[in-house]
Amino acid sequence: MTEVHAASLGPLVEEHLALARSAEAGRSSHTTYGGQEHRLRQTLIALAAGRSLGEHEAPGEATLQVLRGSVRLHAGTETWEGLEGDLLIVPVVRHDLEAVTDAAVLLTVVTGTRDAH
């Protein structure tokens, strides 16, 4: 039998925004699903206004759903704006995420490929 889990993202957003505001790095995160043993991983990321993750490599196919606030996704010379409720496709190149206002996003990543057998 498959075990089903459910989580309310609202309280997690509030908790991690508070942590991000008080953290020296201005950010906080929590993996809501997945991990090393899964190909699918979902992580709530909270950033205080004006803070960013810093440029990094794409971990695989990924999307960002903006849960609160507004963000900018930068990749090279391109920039995409994301507002609450928007879904952004993360480019598979080096990129950075910046919080325009206090913001929380749900990062969904699929790593590797499914075996065809």
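The values are calculated or read from the model by the stated rules, or taken from the named source; none is laboratory data. Please read all numbers here as calculations on a predicted model, not as lab measurements. Positions of Cβ are backbone-derived with ideal geometry, glycine not excepted, and every protein chain shown enters the neighbour counts. When the accessible area is computed, the model is the full protein with side chains, heavy atoms only, and any ligands, DNA or RNA have been set aside. Shrake-Rupley method; radii C 1.70, N 1.55, O 1.52, S 1.80 Å.
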Viscosity 0.692 mPa s, temperature 37 °C, Stokes-Einstein D of the chain from Kirkwood C-alpha radius, µm²/s | 223 µm²/s
Report, in deg cm²/dmol and to the nearest 500, the calculated mean residue ellipticity at 222 nm for the chain, where each DSSP H run with n ≥ 4 adds -39500 (n - 2.57) and the sum is divided by the residue count.
-> -4000 deg cm²/dmol
Report in % the part of the accessible area of the range 9-117 that belongs to carbon and sulfur, leaving out ligands and nucleic acids; probe 1.4 Å.
-> 51 percent
Selected from Thr63, Ala49, Tyr33, residue furthest toward positive end of dipole (the range 1-73; charges at beta carbon) | Ala49
Treat the range 17-69 as a sphere of radius equal to its Kirkwood radius over Cα pairs and apply Stokes-Einstein at 20 °C in a medium of 1.002 mPa s; give the translational diffusion coefficient in µm²/s, rounded to a whole number.
-> 173 µm²/s
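Treat every Asp and Glu Cβ in the chain as -1 and every Lys and Arg Cβ as +1, leave all other atoms uncharged, and give the resulting dipole magnitude about the Cα centre to the nearest 20 debye. Please report the intermediate quantities before stating the final value.
Details: 9 positive and 16 negative charges, 16 e Å.
Result for the chain is approximately 80 debye, rounded to the nearest 20.
For the chain, which span is the longest to avoid every loop-located (per DSSP) member of trypsin sites (Lys or Arg not before Pro) having at most 14 other Cβ atoms inside 10 Å?
On the way: sites that count: Arg39, Arg94, Arg114.
Of all site-free stretches, the longest is 40-93.
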If you roll a 1.4 Å probe over the heavy atoms of the protein chains, what accessible area per residue do you get for the chain, in Å²?
-> 62 Å²
Under a 1.4 Å probe, counting only protein heavy atoms, Leu88 has an accessible area in Å², nearest 10, of 20 Å²
